[in-house]
Structure formats: C-alpha cells, structure tokens
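The values are calculated or read from the model by the stated rules, or taken from the named source; none is laboratory data. The structure displayed is predicted, hence computed values, not measured ones. Virtual Cβ from ideal backbone geometry, glycine too; neighbours counted across all protein chains shown. Accessible surface areas use protein heavy atoms only, side chains included; no ligands, DNA or RNA. Shrake-Rupley method; radii C 1.70, N 1.55, O 1.52, S 1.80 Å.
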Amino acid sequence: MHSDTKKWLFVAVVVFLLARGLSQAAPQIIPLTSPQLWQRLEFAVGNVPSVGNPFDPDSIRLDAAFTFPSGRTLVVPAFWYQGYQRSLSGGNEQDVPTGTGGWRLRFTPPESGGYSLSLTIQTNGQ
C-alpha cells in the first residue's frame with residue numbers, strides 16, 4: 001500500500017472515530033475511493049441532519065475544510081447525490097432512483113503527505 005494511501009486512510013479512520021465518539025448523531029465520513037496524488041477522492045457523509053430541501057443552502061450547508069501538508073486550507077462544499085438507473089422505454093428515457101440519496105464530498109489532493117479534514121454543517125443559517 002502506498003504511504004500516501006496509508007496516511008489518508010489513517011486520517012479518515014481518525015475523523016470517523018472522533019465523530020463516533022462525540023455523539024451517535026455526529027457526521028460520518030466514509031471514503032468511497034482510494035487516495036492517490038492528483039486523483040479524485042470521493043467521500044459519503046452520513047448522519048447529516050435532514051431538511052426539506054437539501055439543495056437549498058439557506059436550509060442546509062455542509063462544507064469540508066481540508067488542511068494540506070503545507071498548512072494551506074481549502075474549503076470544499078459537499079453536495080446532495082442520488083444515483084439513477086437510466087433506461088429507454090418506448091423511445092423515451094426513464095430515470096429511476098437507485099439506493100438512497102445522501103451527501104457526497106469530492107477532493108483531489110495536490111500535495112503528497114498527510115491531510116486533515118473538518119466538517120461544518122449549518123442548518124437554517126445556524
């Protein structure tokens with residue numbers, strides 16, 4: 001396993017364990033891809049408060065602050081994701097939801113080394 005991969009997995013596990021230790025309802029960060037330099041990483045973020053419209057930033061906003069090995073910080077907004085199965089029926093395209101929707105986060109690491117990640121969740125402007 002590449003050393004950067006080990007560091008990312010360690011950070012993800014530490015963040016996950018810290019979130020679990022704070023509260024049962026604390027957000028969970030689940031890596032969906034393996035970390036590689038200049039390759040997109042994707043995370044699922046669970047245990048986020050429910051709102052009527054996840055697309056309305058006045059109702060909910062979920063931001064991740066990545067701190068690079070150099071000390072620089074980059075804030076990346078999370079987004080609502082829903083998978084779909086596309087098919088043709090009678091010449092018309094149909095999209096049927098697959099699975100449950102949820103929050104996702106994507107990031108491409110531009111530096112080698114260990115990163116840290118923190119989440120900020122605002123609901124109804126607070």
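Solvent-accessible area per residue for the stretch 38-126 at a 1.4 Å probe radius, Å²?
61 Å²
I'd like the Karplus ³J(HN,Hα) series for the stretch 76-89: coefficients 6.51, -1.76, 1.60, θ = phi - 60°, whole numbers in Hz, and an x wherever there's a Gly or Pro.
Values, residue by residue: 10, x, 7, 9, 7, 10, 9, x, 9, 9, 9, 8, 9, 9 Hz.
Above 17 angstrom, tally the Cα pairs of the stretch 56-126 and express them as a % of all pairs, no decimals.
The answer is 60 percent, as a whole percent.
Could you check the simple spin-label distance between residue 80 and residue 67, using points 7 Å along Cα→Cβ, in nm with one decimal?
For the pair residue 80/residue 67, the computed spacing is 3.2 nm.
Between residue 93 and residue 121, what is the spin-label point distance in nm, taking each point 7 Å from the Cα along the Cα→C-beta axis?
Distance between the two pseudo-spin positions: 3.3 nm.
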